[in-house]
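The block underneath contains the structure these notes are about, expressed in structure tokens.
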Amino acid sequence: GRARGYSVSSAFDFNSALFPLSSSGAGYTSIGAPTSQDYELGTQSLEKNKSLTFLNGLSLVIGLVIGSGIFSSPASVNSNAGSPAASLIVWIISGILAWTGAASYAELGGAIPLNGGAQVYLSKIFGEWAGFLFTWCAVMVLKPGSAAIIAIIFGEYMVRAVIGADAMDASPWINKGVAMVGLVAVTGMNCVSTKLGTRSADLFMFLKFVGLLGITVTGIIVAATGFAYDKSALSTTWRTTSWFEGTSKSGAEWAVAIYAGLWAYDGWDNTNYVVGEMIHPGRDLPRTIHTSLPLVILAYILANLSYIFVLPSDTINKSNTVAVAFGQAVYGPIGSLILALIVSGSCFGALNATTFTSGRLVYSAGKEGYIPSFFGSIGLSAGSQPMKLSRRSSRASRLVRWMADEQGFFHTPIWAMALNFALTAIYIIIGDFATLTTFYGVASYLFYFAAVVGLIILRVKEPELERPYKTWIFTPVIFCCEYRFIGGELGLEENEDLKGSCSWGHNLPRYEGRAAEASVLAEELSYCVYLAKAARLSSSFTSKRTANI
Ligand code: ARG
């Protein structure tokens, strides 16, 4: 079975690691649809259970993408871009980057419809080592690190909603405590059943649109009528001053602004992690992408227009919590309370969406033998049966049936969730996030970039490969050029000062060292484990060879 395309190997394969695109029959060659034999290997049992629909895909993407960013990145975008018009341009540029990246991922996901996202694309295209490196970084740092950021922002807004503006003076441990409670809640939900995870994602998706729509409508009303609770807090300049006034001339500032925008759009690859569980991946994945991204881009631009109509630049630039300032200015204390609740709800939804897919990523890393296989099991122990609904309970409450998977409860990658939980909790506790977020942006876009370059390579090397969805060839090219331009030309990489303070739009405490150390450690560890595996496999490989002679 290993010679076929989508081998779902249960162990790390040295041959294909060394000769990824060779025609020797090892690794990635003749690709067709995954055969039933592939699934019969029994390793990807989650993928046998195909349950995700277009709507689920949509809410996985939108649920993660609309999180904290649109409600708090504007400070960083506006203050760096310098003027309202420039900041709108930044939102468009980063939106295009996200959309072209996502469209490229839609092609990859259709051609290689397995769980794991970049993990499988990089392995199939560049060799197992690339997927391995990505997986380690994603499992150890990227996924839990970004989840921790979202959780902390959730805690911050929740505390603010409950104890009001004084929250800023309260101990950060209160925020972290609330963040932890949120994390426990989403992890619990996702362990109980797949349905509970995806259903709550659906629910949150609608809440978020309602929130953004509310902001937009409010902005239009304020612009047209001048209605506001606190008229002195309103912007007076947008009618009279040029929207371009103050536009930054520094490339590095633009780069930081764009990275702040990218954080708000990040998460567009979320459905790719679970393609293997989609009922019609070839059809629904591109549909998901081309529905969700234009919607999100439009919603973000409208929300930003509203911010500009309502709030003076100074307020936007300084406030880490633009949305709350917006609510306060227009509707008074009630407004700021409602906005704080909406933002924390939005973050909670994003935490839920990222937890859902992190679980699957860790799970497939376990399956592939990248981390102990124990993490690649379903349920509490290997071979354990899901908690079935007895006949009585299946007649019982509709709520119970609404929550349960076909197989009952706890048919989920529980140990993978546990690992993700533990790592996220650590990041919440050590919590110097500013640099973790910068690292997150730089590292995750590096992998996105590699995968999109891989798409182009794959087009050349495997023209015959079946691609249910083929994106316009300029899509990956635009993505790659734009990405290189931001990192290279605009000079984010060169600017030492900005490196440490670029915080994806959140003015969280400045980095003190541990977070970046964690990421470097994860990377180094991954090299070691990879080398150890390769050495072990190569010795068993040679001993087999010599035994045959
Ligand atoms: N766009 C999201 C937000 O605004 C952040 C997504 C983080 N990415 C991730 N893969 N967890 O909060």
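Readers should treat all values here as calculations from the given coordinates under stated rules, not as data from a laboratory. Keep in mind that this is a model prediction, so the values were computed, not measured. All Cβ positions, glycine included, derive from the backbone under ideal geometry; neighbour counts span all protein chains shown.
For a paramagnetic label modelled at 7 Å from the Cα of THR291 toward its Cβ, which residues of the range 53-78 fall within the zone defined by backbone nitrogen distances under 14 Å?
53-63
Count the net charge of all other residues whose Cβ sits under 13 Å from the Cβ of HIS280, scoring Lys and Arg as +1 and Asp and Glu as -1.
+1
Where does the range 274-340 land on Rg(C-alpha)/(2.2 N^0.38 Å)?
Dividing the Cα radius of gyration by 2.2 N^0.38 Å gives 1.63.
Taking a cut-off of 23 Å, what percent of all Cα-Cα pairs in the range 76-171 are separated by more than that?
Of all Cα-Cα distances in the range 76-171, 56 percent exceed 23 Å.
For SER248, which sequence-distant residues (separation of 5 or more, or a different chain) have an amide H within less than 5 Å of its own amide H, given hydrogens modelled in the peptide plane?
GLY82, SER83
May I ask you to give the average projected area over all directions of the convex hull of the Cα atoms of the range 146-222, in nm² rounded to one decimal?
Across all orientations, the range 146-222 yields a mean hull projection of 6.5 nm².
What distance in nm separates the two pseudo spin-label positions at PHE227 and VAL460, each 7 Å out from Cα along the beta-carbon direction?
5.9 nm
Provide the per-residue ³J(HN,Hα) series for the range 132-147, in order, calculated from phi with Karplus coefficients 6.51, -1.76, 1.60 and θ = phi - 60°, each as a whole number of Hz, with x at glycine and proline positions.
Whole-Hz 3J(HN,Hα) from phi for the range 132-147: 4, 4, 4, 4, 4, 4, 5, 5, 7, 10, 4, 5, x, x, 5, 4.
Check which residues have an amide H placed less than 5 Å from MET278's amide H, if you skip close sequence neighbours.
LEU52
For the cross-link pairs LYS143/LYS461; LYS143/LYS470; LYS367/LYS470; LYS124/LYS470; LYS143/LYS318, which exceed 24 Å when the distance is taken from alpha carbon to alpha carbon?
Correct reply: LYS143/LYS461; LYS143/LYS470; LYS367/LYS470; LYS143/LYS318.
On average, how much area does the Cα convex hull of the range 263-390 cover when viewed from any direction, in nm²?
Here the figure is 12.4 nm², rounded to one decimal.
5 Å is the cut-off here: which amide hydrogens, built 1.01 Å from N in the peptide plane, fall below it relative to ILE66, excluding neighbours closer than 5 in sequence?
none
Can you work out ³J(HN,Hα) from phi for every residue in the range 212-228, in order, using Karplus 6.51 cos²θ - 1.76 cosθ + 1.60 and θ = phi - 60°, giving whole Hz and x for Gly and Pro?
Once rounded to whole Hz, the list reads 5, 4, x, 4, 5, 4, 4, x, 5, 4, 4, 4, 7, 10, x, 5, 6.
Please identify the chymotrypsin sites (Phe, Trp or Tyr not before Pro) of the range 223-306 that satisfy two criteria: DSSP loop assignment and at most 11 other Cβ atoms within 10 Å. Which are they?
Hits after loop and neighbour filter: nothing returned.
Based on the alpha-carbon gyration tensor of the range 199-305, what equivalent-ellipsoid semi-axes (square roots of 5 times the eigenvalues) come out, in whole Å, largest first?
34, 21, 11
Enumerate the calculated ³J(HN,Hα) couplings along the range 300-305 in order (Karplus 6.51 cos²θ - 1.76 cosθ + 1.60, θ = phi - 60°), each rounded to whole Hz, writing x wherever the residue is Gly or Pro.
5, 5, 5, 4, 5, 4
Multiply the residue gap between ALA422 and ILE334 by 0.36 nm, knock off their C-alpha separation, and tell me the result in nm, one decimal place.
Fully extending the segment from ALA422 to ILE334 adds 28.0 nm.
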